[in-house]
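The structure under discussion appears below in the form of structure tokens.
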Amino acid sequence: MFPVEAILFVMLIITAFAVVRQTNLFAAAMLTGLFSLLSAGLFTLMDAVDVAFTEASVGAGISTILILGTLALTAKEENQQPFRLLPLVVVLITGGALLIGTVDMPAYGDFGAVTNHRIAPDYIAGTASEFEHIPNVVTTVLGSYRGYDTLGETGVIFTASLGVMALLGGRRRRRPADGAPDDSMDDTTGDPADDAAEDSSEDPVTGGPEDAA
Amino acid sequence: MFWIATVGILITMVLALARALKGPTVFDRILAVNMFGTATVLLICVAGFQMGMQTTAGEVIADSRPEFVDMALVYALVNFVGVIAVLKFVRFGSLGHDDRRADQQDQTGHQDPTGQQDPRGPG
């Protein structure tokens with residue numbers, strides 16, 4: 001079989017080292033999104049479609065945007081740190097422990113693994129017999145077998161989003177009050193300039209890349 | 001037949017990755033990541049038509065997985081929205097910007113938040 005996964009893994013490693021070595025933080029953010037796309041492709045090829053979907057939407061979508069939003073508030077370039085031994089040792093030990101932990105795991109796609117013999121066949125058979133109206137096994141497990149668990153998770157996410165909205169909504173309501181002095185300052189700097197800016201919304205200098213695109 | 005398509009997509013991915021690593025300007029990197037996302041979408045589509053579905057007994061119950069195409073469509077949407085957000089960041093310097101303030105910024109001069117010399121320069 002053609003080693004598609006191997007090539008994707010090599011690209012993943014190259015991207016990871018590039019993210020670490022890159023000092024321009026914008027480029028590092030872009031490479032992080034690329035890393036997530038690579039991981040999502042790998043997950044899809046390993047038939048973990050739902051994990052891949054989460055990886056693509058969270059990793060390549062929202063977290064890249066969050067990193068960019070952080071970049072708008074912080075520096076553009078990373079400060080060069082002197083080489084220190086202790087963090088390298090900690091990282092190597094942690095990575096080694098994780099690698100040792102994978103030794104016990106069954107091989108990928110192993111039909112003889114314990115998890116493929118104890119519970120999974122029951123769920124698959126139950127999906128076929130008890131829940132005929134739900135065609136997908138994952139949906140059955142999440143929505144029916146573990147329905148209350150999923151309900152609790154949804155409640156947690158709802159509470160978290162309520163908290164975020166309480167934090168952000170308060171600031172948004174205050175913003176027009178902040179903007180009011182700005183408006184008065186805009187008026188005092190000169191109305192003709194403002195009118196000109198509003199008339200020619202497309203600056204000929206800065207409009208270059210949009211024309212090219 | 002699908003192997004040829006896979007090889008072509010992988011070559012495209014390698015080239016896009018090289019451009020994202022080298023990329024002298026900001027727009028090179030953005031375009032490279034966008035291109036890479038498109039290549040991922042195509043790879044998922046092709047993989048869906050390559051992968052079979054087997055039962056635990058090893059019996060083949062489906063030759064291909066055409067539902068991967070639906071997922072690839074959603075990937076394309078995520079890719080598109082992400083690139084729009086990144087371009088907005090590059091253009092205005094922040095994501096939650098005010099339109100009036102952005103016009104004022106354009107008037108005074110384009111602020112480049114990415115630390116590169118001139119993103120619209122040659123090359």
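The values are calculated or read from the model by the stated rules, or taken from the named source; none is laboratory data. These numbers come from a predicted model, not from an experiment. With ideal geometry, Cβ positions are generated from the backbone for all residues, glycine too; neighbour counts draw on all protein chains shown. Only protein heavy atoms, including side chains, enter the accessible area calculation; ligands, DNA and RNA are left aside. Shrake-Rupley method; radii C 1.70, N 1.55, O 1.52, S 1.80 Å.
Residues in the range B:31-50 that are in contact (Cβ under 8 Å) with a residue 24 or more places away in the chain and either open to solvent by 10 Å² or more (accessible area, probe 1.4 Å) or more than 7 Å from chain A (Cβ to nearest Cβ) (or both): B:Val33, B:Asn34, B:Thr38, B:Ala39, B:Val41, B:Leu42, B:Cys45, B:Val46, B:Gly48, B:Phe49, B:Gln50. Please enumerate the residues belonging to the range A:1-38 that are in contact (Cβ under 8 Å) with a residue 40 or more places away in the chain and part of a helix (DSSP H, G or I). Those that are in contact (Cβ under 8 Å) with a residue 40 or more places away in the chain and part of a helix (DSSP H, G or I): A:Val4, A:Glu5, A:Leu25, A:Phe26, A:Ala28, A:Ala29. Condition check for A:Val138 on (1) surrounded by 11 or more Cβ atoms within 10 Å (Cβ to Cβ); (2) within 25 Å of the chain's Cα centre (by Cα); (3) at pLDDT 80 or above: one failure, at (3). Screening A:Pro82 on (1) within 8 Å of chain B (Cβ to nearest Cβ); (2) out of contact with any strand residue (DSSP E or B) (no Cβ under 9 Å at 6 or more places or on another chain) shows it passes everything except condition (1). Within the range A:53-83, being aliphatic (A, V, I, L, M) and closer than 28 Å to B:Val41 by Cβ holds for A:Ala56, A:Val58, A:Ala60, A:Ile62, A:Ile65, A:Leu66, A:Ile67, A:Leu68, A:Leu71. When A:Glu5, A:Glu55 are screened for being more than 26 Å from B:Val86 (Cα to Cα), more than 10 Å from every other protein chain (Cβ to nearest Cβ) and acidic (Asp, Glu), only A:Glu5 passes.
Note on the range B:15-27: among residues that are surrounded by 15 or more Cβ atoms within 10 Å (Cβ to Cβ), at the interface with chain A (Cβ under 10 Å from one of its Cβ atoms) and without any contact (Cβ under 8 Å) to a residue 24 or more places away in the chain, the one that is farthest from A:Ile7 (Cα to Cα) is B:Gly23.
Applying a threshold of 8 Å to beta carbon distances and a minimum spacing of six or more residues, or different chains, the list of pairs starting in the range A:113-128 at a residue that is closer than 12 Å to A:Thr140 by Cα and ending at one that is among the β-branched types (Val, Ile, Thr) and surrounded by 10 or more Cβ atoms within 10 Å (Cβ to Cβ) reads A:Tyr123/A:Val137; A:Tyr123/A:Thr140; A:Tyr123/A:Val141; A:Ile124/A:Val137; A:Gly126/A:Thr140; A:Thr127/A:Ile134; A:Thr127/A:Val137; A:Thr127/A:Thr140.
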